[in-house]
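All remarks here apply to the structure that follows.
The values are calculated or read from the model by the stated rules, or taken from the named source; none is laboratory data. Computed from a predicted model, the values in this text were never measured in an experiment. Cβ sites come from the backbone with ideal geometry, for glycine too, and all protein chains shown count toward neighbours. For the accessible areas, the whole protein counts, side chains as well, though only heavy atoms, and no ligand, DNA or RNA atoms are used. Shrake-Rupley method; radii C 1.70, N 1.55, O 1.52, S 1.80 Å.
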Amino acid sequence: MASSRTFTLLCGLLAAALVRATLSPPAVLTLGPEVISERLTQELKERDAVNVLQQLPLLSAVREKPAGGVPILGSLVNSILKLIIWLKVTSANILQVQVQPSADNQELMVTIPLDMVAGFNTPLVKTIVEMHMETEAQAIIRVETNSKDQTTHLVLSSCSNSHRSLRISLLKKLSFLINPLANKVMKLLVPALPKLVKSQLCPMIEEALEDLHKDLLHLVSMPVPIGSGHLNFDLLSPAIKGNVIQLNLGAKLLDSQGNVKKWFNESAVSLTMPALDSAPFTLTVRQDVVNAALAALIPPEEIMVLLDYVLPELALRLKSNIKVISEKAANQLRHTQIVKILIQNAPELLLDQGNAKVAQLIVLEVFATNEVRRPFFTLGIEASSDAQFHTEGDRLILSLNEISSDRIHLMNSDVGLFNPELLKDITTEILASVLLPNENGRLWPGVSVPMVKALGFKAASSSLTKDALVVTPASA
């Protein structure tokens, strides 16, 4: 019996684990190696890492145990070092940071190429003897989970400088007397320089990564304006996959007062992740989050129009259509006739690979004049429109085109029962002339995506998967 209960428990845990494995975050920000490299380079620049390299204590480093403790050689080297008045880095440069995946694709291998010129002065010559030094700092970034609160962070697991990456050469050859001395100095720098890079630069690289993590937290938390409210993202967990950093994001929709209207967390709702390809980054937003944003931009509302004044041709055609149903009702229509369009539910964005439609439930009523309270009839319309996303700068804009009345239902009638399909064409034209311009007017300001410019890009581009909206930088 005990083994049976154990088996049941294990099955339950396994099922829970499988369910958990299929959960998708509301949004994912994927940063490619180009962005990671530029952000780390910027962090090092802000710390004046070049100045740190220029201040490396080369002379004191080569004087430490100069010959590995061998007395005779030590005495010889010490005599050579007495001929050196000063030894320092005269210029330094940090080249393009390189980001590569580890063997298991779970860590990032970061290579920071260093290019330096060092010089030393000796009484034997009046000029400075210059050497070109090339080396690399190598760091490993991984994801670490805090055992106390189970939060995950990007951390620097190691940082070093390999002798194998070090190349030192004279910028120009001098006299037979000075060249051997320069060669001795360069040999002493071979063990000394990697130790200096590790002790002086690696702590700065670790600080740069810590601040990069903070910057990413700030980046993802930048509010996205949605109508009078805004959409907020927050970091659920980072992950390293190949040579990219994937930030899984939670989301919440807030109103103009800052009150949370809707929370979005990991769920079984599908999220198709596009390949990064050559894009520096992608922001992939799950369909239900996009729908919530659309609902905030087009809230339920009532639109009333004096049809004869605004669209007189449509008013005449509507009268002709009603006349087929009831001539008495048609004769009651006056110049102040009103068409009322009520958006009861939020529109829903329906995604297909590369295409989108917006479905809406609409109530349409026709009143003979602006004074009567009861409509001739009330129609329930299931409508849909083609939806297209485009961008202007960092603004993402949705526009609706060619609305159609897919289904039409007679909800109430004061003119007797009739087949609502008789009014399908005219109601579709009214929706296209009244509803679509109103909704496109609300959508036209678009939604600014602050992550785009915060990551250093001027404009955004958008695409669709079967269940998500994808934002990338626009190609130059």
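Which condition does residue 272 not pass, out of (1) free of Cβ contacts under 8 Å to residues at least 60 places away in the same chain; (2) assigned to a loop (DSSP other than H, G, I, E, B), if it passes all the others?
Among (1) free of Cβ contacts under 8 Å to residues at least 60 places away in the same chain; (2) assigned to a loop (DSSP other than H, G, I, E, B), residue 272 violates only (1).
Among all residue pairs at least 6 apart or on different chains, which show Cβ distances below 8 Å where the first residue, located in segment 232-250, is more than 15 Å from residue 145 (Cα to Cα) and the second is of a type in the set (Lys, Arg) and in a strand (DSSP E or B)?
232/252; 234/252
Looking at this structure, is residue 127 of a type in the set (Ser, Thr, Tyr), assigned to a strand (DSSP E or B) and at pLDDT 80 or above?
For residue 127, the condition - of a type in the set (Ser, Thr, Tyr), assigned to a strand (DSSP E or B) and at pLDDT 80 or above - is not met.
Can you name every residue in segment 360-398 that is open to solvent by 30 Å² or more (accessible area, probe 1.4 Å), under 20 Å from residue 431 (Cα atoms) and assigned to a strand (DSSP E or B)?
Across segment 360-398, the qualifying residues are 361, 365, 382, 386, 388.
For segment 157-215, enumerate the residues that are open to solvent by 20 Å² or more (accessible area, probe 1.4 Å) and in a strand (DSSP E or B).
157, 158, 160, 167, 168, 169, 170
Grab the helices (runs of 4 or more DSSP H) fully contained in segment 307-352, keeping just those with 3 or more residues being open to solvent by less than 50 Å² (accessible area, probe 1.4 Å), out of contact with any Gly (no Cβ under 8 Å at 6 or more places or on another chain) and more than 30 Å from residue 292 (Cβ to Cβ).
So the answer is 312-325.
Is segment 234-251 home to any residue that is in a loop (DSSP other than H, G, I, E, B), under 20 Å from residue 281 (Cβ atoms) and not β-branched (Val, Ile, Thr)?
Yes, segment 234-251 has at least one match.
For segment 448-476, which positions are assigned to a strand (DSSP E or B) and open to solvent by 20 Å² or more (accessible area, probe 1.4 Å)?
448, 461, 462, 463, 464, 472
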